[in-house]
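Have a look at the structure below before the remarks.
The values are calculated or read from the model by the stated rules, or taken from the named source; none is laboratory data. All figures in this text were calculated on a predicted structure; none of them were measured in a lab. So basically every Cβ, Gly included, is an ideal-geometry build from the backbone, and we count neighbours across all protein chains shown.
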Amino acid sequence: MSTRIPLVPENIKPLPSLKGNEGMLSWVSSVDHKQIGLMYLMSTLVFFIIGGLEALVIRIQLAQPEFDFISPEVYNQMFTMHGTTMIFFVVMPFLIGVGVYLVPLMIGARDMAFPRLNALSFWLVIFGGILLYYSFLTQSGPSEVGWFAYAPLSEKPFSLNKGPTYWALGLLAVGISSVSSGLNNIVTILTMRVKGMTMRRLPLFVWMILVTSFILIFVIPIIASAFAMMLLDRLLDATFFTPAHGGSAILWQHFFWGFGHPEVYILILPAFGIISEVIPVFSRKPIFGYSFVAGSTVAIGLLSVGVWAHHMFAVGLGNVANAYFSLASMLIAIPTGVKVLNWVATMWGGKIYFATPMLFATAFIIEFVMGGLTGVAIASAPINWVTTDTYFIVAHFHYVLFGGSLFAIFAGVYYWFPKFTGRMMSETLGKWHFWLTVVGFNMTFFIQHFLGVMGMPRRTYTYHDLPYWGSMNLLSTIGAFVLAISVIIFAWNIIWSLKHGKKAPDNPWNAWTLEWYTTSPPAVHNFDLVPPVRGRRPLWDLAHPDQLDEPNSKVV
Amino acid sequence: MNIWQVLSSTWNMEPWVLVSALAVLVAYGLGTGFKFTKLSALFITGITIYVLALVSPLDYLGRTYLFSANMIQHILLLLVVPLLLLLGIPKTLAEKALAIEPIGAVMKVLGNPIVAWFLGVGSMWVWHLPSLHESVLANDNLYITQQISFVLIGMIFWWPVFAPVESRRLSPLVSTLYLSSACLGCTILGMLITFAGAGLYASYMTPVDTIGILPLLRGELCLTPGVDQQIGGLTMWVPGCLIYLAASMVTIARWYGAPEDYEISSNSGAEGLLTATQENK
């Protein structure tokens, strides 16, 4: 035993109060996966509010034709920062964070395989966020070149300001963080499962996190190297992406979308995982076709890395390339459709209980299918040529990322909040939040399909007073404000419930995965003992020893 | 000539193809006792595709006019035919063969996943080196060597995933890694060929138009050298990769279809409760 004096006293309580003597220190220095997970979630809420405010600025500017609420430069900064924030600092860290919190609990482990690496991953996200937002303090403001930062616009001499440099540096930090959490997840899931938790009994959420982690460690290095090359171009006069000096601007697009398309699945697969946990519990049935849900995830993971060129139909890769990538992209609809079918079949004939998590999960299926259908449409190159860079695309990916990922995130927050904090969230506020989100979301984005087909370009600062454009945009802006109100209610619900929420029992939803076996909030060491895992629903088997899911499994 | 005339007149019944196919079939029949089963149907389909790939217009067009036809032939010979042949070998036959000392020893080396992976992906890369490809087109013996090597190496490549003897197979998750990394190898080469620009393989730029179909190919079918090479590269890239992907899905499906092993420990605490996993300190 070494006699070194710890810098920080060991945590005894699961959620140390910030007001205590070393309250702040015990969070900042924590390597406990639950505290790190919660810090991920809290910081994503902050970034979510910032990114949402940026979206509101965009929508105000577009509320009426020829409006000049902000300057074109600020407008460009807003949509760049909105996209970057929502993708890299909200959805990604939320899903990674909720994974960090739940994976060890769900597989019956005490912590992640590499707790310190876990803390590093989290703090790198914060560091990246600070770098990104620091650019607001530079003379020329943040990046104006879009979240895709296409070359040569993002290169000298077209962008001489510091914005894109901070942008690339910030995202590089997040990239390093993502790769390390990917590795951490993979090692944790492969090596730290409790006895009996075989790979085929993993909770589907853990399975999705595993596949996502493989995608992370495969594709983040692509974009991280591209960021490094972009920084070399910008700071050391290299010419990777500048055609004028023999570089290739299209190469940036290949790198960006080589990462960018799999990124869509990084953002949606863990969301699928959340939905696959919530729907069975609130339908009181085991998931329909577990192996199909798990297997189709692998198919999505593998397909996702091979179809990025469908983001580049308008580049001019040639008809042959377009045709191949159209077909390959449409294939993704198969494993995705399989999942939707499984969720619906799980609900079919179930005793459905519409608590807030289930409301969001149900709405997720509907909204996500909308986004998926427009996705299949724009996978066809000719349709893509008509709609590319219009509001149709904006509508499409908001249906996938908001209607999909964010709805699942809300479902997850309501579902696991009792476990995280030991208190229930208010159902009344939750229902208000849900209905305002559904109304606001569809009001904002559904109309944008039509605007897109009518030809309204994306990223446009303003537009002429064409028939209906003004009123349709105004409707969209009103929808955005309804969404803003729903987010305020959501944030208030969290704050209120933390203090005054009903005390949560260990397993308030009668769920079946291991995280519900421990106390709410879980003890510092997660579990004293873990029940034997003899099927996919360990807590069901524990409560119903005469009706085991896998009746033939026996203690050997 | 119109396209149907081309397709009907460019069959090339090369004796070595027919003889090799017949010899393999007879050997297979002797090994399995000439019984028609599901496995033998797979094996015969494999041999049929092998013959078709080498005697049909695909072969003629690929050797003279079209790189894309050549690539489709290569994918069939390296990925499709060997897979069907391997799946068609009954377990008992494979066990008997592996029990023979030299065969068992050789397969131990070649069946090693690292060796098999490099042979499979390497043969794709090496045979598509432009200079080697030109030599293959010019030299008949080298051409025959290439085709046979594709099939043999293809079987070695698939061995760690689909070996008839289960104990020789990789676990499903490792198989998926094995196949997806091979897909990556294929993708990179496919990308290089697709985006290299026309003329990577010089002989397809100005083929010797012995049967006078060049105007048909270049004009009516729009198969200019650039488009032709793109189709070739993309065929390796996209459908080639989909074969690996489909194979991984098969391994996963097989895994989920197999019964679960019972992995409950008996030395657990009260009421069968277990200690949570923690870091090894």
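Filtering the stretch B:235-256 to residues that are small (Gly, Ala, Ser) and at the interface with chain A (Cβ under 8 Å from one of its Cβ atoms) leaves B:Ser248, B:Ala253. Would you confirm, using the coordinates I've provided, whether A:Phe47 is touching a Phe, Trp or Tyr at 6+ places or on another chain (Cβ under 9 Å), in a helix (DSSP H, G or I) and either crowded, with 21+ Cβ neighbours inside 10 Å or not small (Gly, Ala, Ser) (or both)? So A:Phe47 fits the description; yes.
Would it be correct to say that A:Ala345 is away from chain B (no Cβ under 14 Å), over 18 Å from A:Gly258 (Cβ atoms), touching a residue at least 40 places away in the same chain (Cβ under 8 Å) and not in a loop (DSSP other than H, G, I, E, B)? Spelling it out, A:Ala345 is indeed away from chain B (no Cβ under 14 Å), over 18 Å from A:Gly258 (Cβ atoms), touching a residue at least 40 places away in the same chain (Cβ under 8 Å) and not in a loop (DSSP other than H, G, I, E, B). Taking the criterion of being in a helix (DSSP H, G or I) and over 19 Å from A:Phe402 (Cα atoms), the residues of the stretch A:464-488 that qualify are A:Trp469, A:Gly470, A:Ser471, A:Met472, A:Leu474. Number of residues in the stretch A:180-198 that are in a helix (DSSP H, G or I) and over 24 Å from the mean Cα position of the chain (by Cα) equals 1. With respect to A:Ser497, is the statement that it is in a helix (DSSP H, G or I) and farther than 30 Å from A:Leu204 by Cα true? In short, no. For the stretch A:66-75, the condition of being in a helix (DSSP H, G or I) and either of a type in the set (S, T, N, Q) or in contact with a Ser or Thr (Cβ under 7 Å, 6 or more places away or on another chain) (or both) holds for none of the residues. Evaluating A:Lys162 against the criteria (1) among the basic types (Lys, Arg); (2) surrounded by fewer than 18 Cβ atoms within 10 Å (Cβ to Cβ); (3) farther than 24 Å from A:Leu210 by Cβ leaves one unmet condition, (2). The single residue among A:Leu62, A:Leu56, A:Leu15 that is in contact (Cβ under 8 Å) with a residue 60 or more places away in the chain and under 30 Å from A:Leu204 (Cβ atoms) turns out to be A:Leu15.
Looking across the stretch A:367-380, the residues that are under 15 Å from A:Asn442 (Cβ atoms) and touching a helix residue (DSSP H, G or I) at 6+ places or on another chain (Cβ under 8 Å) come down to A:Glu367, A:Phe368, A:Val369, A:Met370, A:Gly371, A:Thr374.
Can you tell me which residues in the stretch B:166-186 are farther than 27 Å from B:Thr92 by Cβ and under 16 Å from the mean Cα position of the chain (by Cα)? Lay out the reasoning, then the answer.
Taking the stretch B:166-186 as the starting set, the residues that turn out to be farther than 27 Å from B:Thr92 by Cβ are B:173, B:176-177, B:180-186.
Across the stretch B:166-186, the qualifying residues are B:Ser180, B:Ser181, B:Ala182, B:Cys183, B:Leu184, B:Gly185, B:Cys186.
Just one residue in the set B:Gly219, B:Gly185 is touching a residue at least 40 places away in the same chain (Cβ under 8 Å), in a helix (DSSP H, G or I) and away from every other protein chain (no Cβ under 12 Å); that residue is B:Gly185.
Restricting to the stretch A:471-530, name every residue that is of a type in the set (Ser, Thr, Tyr) and surrounded by 15 or more Cβ atoms within 10 Å (Cβ to Cβ).
Across the stretch A:471-530, the qualifying residues are A:Ser476, A:Thr477, A:Ser486, A:Ser497, A:Thr513, A:Tyr517, A:Thr518, A:Thr519, A:Ser520.
Among the residues of the stretch A:223-279, those that are of a type in the set (D, E, K, R) and either surrounded by fewer than 20 Cβ atoms within 10 Å (Cβ to Cβ) or in contact with a Phe, Trp or Tyr (Cβ under 8 Å, 6 or more places away or on another chain) (or both) comprise A:Asp233, A:Arg234, A:Asp237, A:Glu277.
So which of A:Arg116, A:Arg59 ends up being among the basic types (Lys, Arg), part of a helix (DSSP H, G or I) and buried (at least 19 other Cβ atoms within 10 Å of the Cβ)?
Values: A:Arg116 fails: buried (at least 19 other Cβ atoms within 10 Å of the Cβ).
Among A:Arg116, A:Arg59, only A:Arg59 is among the basic types (Lys, Arg), part of a helix (DSSP H, G or I) and buried (at least 19 other Cβ atoms within 10 Å of the Cβ).
For the stretch A:277-330, a residue qualifies if it is outside any helix (DSSP H, G or I), of a type in the set (A, V, I, L, M, F, W, C) and within 11 Å of chain B (Cβ to nearest Cβ), and the qualifying residues are A:Val305, A:Val307, A:Leu317.
Restricting the stretch A:534-552 to residues that are free of Cβ contacts under 8 Å to residues at least 40 places away in the same chain, within 11 Å of chain B (Cβ to nearest Cβ) and in a loop (DSSP other than H, G, I, E, B) leaves a set whose member that is farthest from A:Asp32 (Cα to Cα) is A:Asn552. The set of residues in the stretch A:411-434 that are touching a residue at least 40 places away in the same chain (Cβ under 8 Å), surrounded by fewer than 21 Cβ atoms within 10 Å (Cβ to Cβ) and in a helix (DSSP H, G or I) comprises A:Thr421, A:Glu427, A:Leu429, A:Lys431, A:Trp432.
What's the total number of residues in the stretch A:356-384 that are more than 26 Å from A:Val307 (Cβ to Cβ) and surrounded by fewer than 20 Cβ atoms within 10 Å (Cβ to Cβ)? Talk me through it step by step, then tell me what you get.
Step one: of the stretch A:356-384, the residues more than 26 Å from A:Val307 (Cβ to Cβ) are A:356-363.
Now narrow it down to the ones that are surrounded by fewer than 20 Cβ atoms within 10 Å (Cβ to Cβ): none.
So the count comes out to 0.
Does at least one position in the stretch A:341-357 carry a residue that is within 19 Å of the chain's Cα centre (by Cα) and more than 22 Å from A:Gly301 (Cα to Cα)?
Within the stretch A:341-357, the first condition is being within 19 Å of the chain's Cα centre (by Cα), and the residues that meet it are A:357.
Adding the requirement that they be more than 22 Å from A:Gly301 (Cα to Cα) leaves A:357.
Yes; the residues of the stretch A:341-357 include at least one that is within 19 Å of the chain's Cα centre (by Cα) and more than 22 Å from A:Gly301 (Cα to Cα).
Would you check which residues across the stretch A:192-222 are surrounded by 17 or more Cβ atoms within 10 Å (Cβ to Cβ) and either hydroxyl-bearing (Ser, Thr, Tyr) or more than 14 Å from chain B (Cβ to nearest Cβ) (or both) and list them? Result: A:Pro203, A:Phe205, A:Met208, A:Ile209, A:Thr212, A:Ser213, A:Leu216, A:Ile220.
Just one of the numbered conditions (1) in a helix (DSSP H, G or I); (2) of a type in the set (S, T, N, Q); (3) free of Cβ contacts under 8 Å to residues at least 12 places away in the same chain is not true of B:Thr176: (3).
Being surrounded by 16 or more Cβ atoms within 10 Å (Cβ to Cβ), closer than 30 Å to B:Trp4 by Cβ and either at pLDDT below 90 or hydroxyl-bearing (Ser, Thr, Tyr) (or both) narrows it down to one residue among B:Thr176, B:Thr187, B:Thr194; which is it? Spell out how you get there, then give the answer.
Numbers: B:Thr176 fails: closer than 30 Å to B:Trp4 by Cβ; B:Thr187 fails: closer than 30 Å to B:Trp4 by Cβ.
Answer to the selection: B:Thr194.
Restricting the stretch B:139-165 to residues that are over 16 Å from the mean Cα position of the chain (by Cα) and either in contact (Cβ under 8 Å) with a residue 60 or more places away in the chain or at positive phi (or both), which is farthest from the other protein chains (Cβ to nearest Cβ)?
Going residue by residue through the stretch B:139-165, those that are over 16 Å from the mean Cα position of the chain (by Cα) are B:139-144, B:164-165.
Narrowing the set further to residues that are either in contact (Cβ under 8 Å) with a residue 60 or more places away in the chain or at positive phi (or both) leaves B:143-144, B:164-165.
Details: B:Tyr143: 26, B:Ile144: 30, B:Pro164: 23, B:Val165: 23 Å.
Residue satisfying both the conditions and the ranking: B:Ile144.
Return a yes/no flag: does the stretch A:186-193 have any residue that is touching a Lys or Arg at 6+ places or on another chain (Cβ under 7 Å) and modelled with pLDDT under 95. No, every residue in the stretch A:186-193 fails to be touching a Lys or Arg at 6+ places or on another chain (Cβ under 7 Å) and modelled with pLDDT under 95.
Please go through the stretch A:514-533 and give me each residue that is within 19 Å of A:Val281 (Cβ to Cβ), within 12 Å of chain B (Cβ to nearest Cβ) and part of a loop (DSSP other than H, G, I, E, B), ordered by number. Scanning the stretch A:514-533 gives A:Tyr517, A:Thr518, A:Pro522, A:Pro531, A:Val533.
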